[in-house]
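Heads up: the structure comes next, in structure tokens.
The values are calculated or read from the model by the stated rules, or taken from the named source; none is laboratory data. The structure displayed is predicted, hence computed values, not measured ones. Ideal geometry is used to build each Cβ from the backbone, glycine not excepted, and the neighbour counts take in all protein chains shown. Just the protein is used for accessible areas: all its heavy atoms, side chains included, with ligands, DNA and RNA removed. Shrake-Rupley method; radii C 1.70, N 1.55, O 1.52, S 1.80 Å.
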Amino acid sequence: MSDSRTSTANSSTPGARHVLTLLDLTASELRSVLARAREYKRFRGQQAHPRPLEGKSIGVIMEKASTRTRISFEVGIAELGGTCLTMRGDDMQLGRSEPLDDTARVLSRYLHAVVIRTFGHERLEAIADASSVPVINALTDKYHPCQVLADLMTVIEHRKQGLDGLSVAWVGDGNNMAHSWILASAQLGFDLRLACPQGYQPSADVLAMADQLGSGRRTRIADPAAAVAGAHVVTTDVWASMGQEDEAEQRRMAFSGYCVTPELMSLAAGDAIFLHCLPAHRGEEVSAEVIDGPASRVWDEAENRLHAQKALLEHACKPR
């Protein structure tokens, strides 16, 4: 299924505001969601906390195991006043004996929105195409927009200039996280340098979509040191993601030299921060000295999943 449909999914189901990739938000909407996320962080624990999901039921479908995604969405939905129904894919007829679009049509009759963490991005697209309620991408093999929203929020919190003049270095696999960083740079206009080994580059179609927007600068550099030099943010991910376990040894060899070490971080800007979406493998993609060191903001980043997703849920479920 072509990714060209991703940024236009909203038009296929009138009344639903899907967020399958960051291209489903305009640059202005993306900035508004990030600002609202910071407000939600300040609201937490206060009686005046907004409850825009009061009386609404949100389905959270987990086809992949999850810690941060599941808990942050469940807590966030509750704090927004909604009811959360968390379902495992194998608890349902999802794509087993029932077509995906039939499941989507049924869920649309019960729920006010659907959050899905799944494998192939085409599964998410098929559900969104048939859904009359908002569908939010909690992760697919191709994109992870919710995580990059939290990452951007973390950058804004810890950098005096926010996103202005920002330079981000991605070191590692050209995976779903890299793809969402690419789209974020295109939307918001910051500089992104991608250091990925040969054979593990980001998808050409994602880079082409970003280039069409004409904003930001994306530089592909094989050498991690060149990518990190002067960067304000250094970020990475595991070398073998869920479902790639049989490639782990092959990837370990391919990614040799792509570990974010103190020596590599020393090449970044003096106030640079380190981000990682977690879980992390210390000694592989990042050294313990970095992820547990003073430049690391991974725990703020993990917390910010909650606040960013609350803002995104509010945006998606807002009456049109």
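The figures follow:
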read-out: Rg/Rh (Cα only; Kirkwood hydrodynamic radius) as it applies to segment 161-225; value: 0.94
read-out: Residues with amide H under 5 Å from that of VAL260, placed H, sequence gap 5 or more; value: VAL286, SER287
read-out: Within the accessible area of the chain (1.4 Å probe), percent carbon and sulfur; value: 50
read-out: For segment 223-279, alpha-carbon Rg relative to the globular expectation (2.2 N^0.38 Å, N residues); value: 1.24
read-out: Segment 83-234: radius of gyration and largest Cα-Cα distance (Dmax), Å; value: 18.0, 53
read-out: Cα pair count fraction exceeding 15 Å, expressed as % - segment 42-112; value: 61
read-out: Accessible-area value, SER203, 1.4 Å probe, nucleic acids and ligands omitted, Å²; value: 40
read-out: For segment 64-79, Karplus couplings with θ = phi - 60° (6.51, -1.76, 1.60), whole Hz, Gly/Pro x; value: 10, 4, 7, 10, 4, 5, 4, 5, 5, 6, 4, 5, x, 5, 4, 5
read-out: Semi-axis lengths, Å, segment 165-320, gyration tensor of Cα atoms, sqrt of 5 times eigenvalues; value: 24, 19, 18
read-out: About the Cα centre, charge dipole magnitude for segment 38-117 (Lys/Arg +1, Asp/Glu -1 at Cβ), debye; value: 440
read-out: Cα pair distances exceeding 30 angstrom across segment 16-175, given as percent; value: 19
read-out: Alpha-carbon spread of segment 54-95, three principal axes, descending order, Å; value: 30, 21, 10
read-out: Per residue value of the accessible surface for the chain (all protein chains in place, 1.4 Å probe), Å²; value: 41
read-out: Compactness index (Cα Rg / 2.2 N^0.38 Å), segment 245-320; value: 1.46
read-out: Computed accessible area, MET177, all protein chains, 1.4 angstrom probe, square angstrom; value: 0
read-out: Straight-distance crosslink candidates among aspartates and glutamates, where the alpha carbon sits under 20 Å from LYS56 and sequence neighbours closer than 8 are dropped; value: GLU74, GLU79, GLU314
read-out: Solvent-free Debye scattering, log10 I(q)/I(0), computed from the Cα coordinates of segment 88-129 at q = 0.14, 0.19, 0.24 Å⁻¹; value: -0.27, -0.52, -0.87
read-out: Extent along principal axes [Cα atoms of the chain; Å; largest to smallest]; value: 54, 45, 36
read-out: 13 Å beta-carbon shell around HIS144, net charge (K/R +1, D/E -1); value: 0
read-out: Residue-level accessible surface for ASP164, protein heavy atoms, 1.4 Å, Å²; value: 110
read-out: Formal net charge of residues neighbouring ALA104 (Cβ-Cβ distance under 11 Å; K, R +1; D, E -1); value: -2
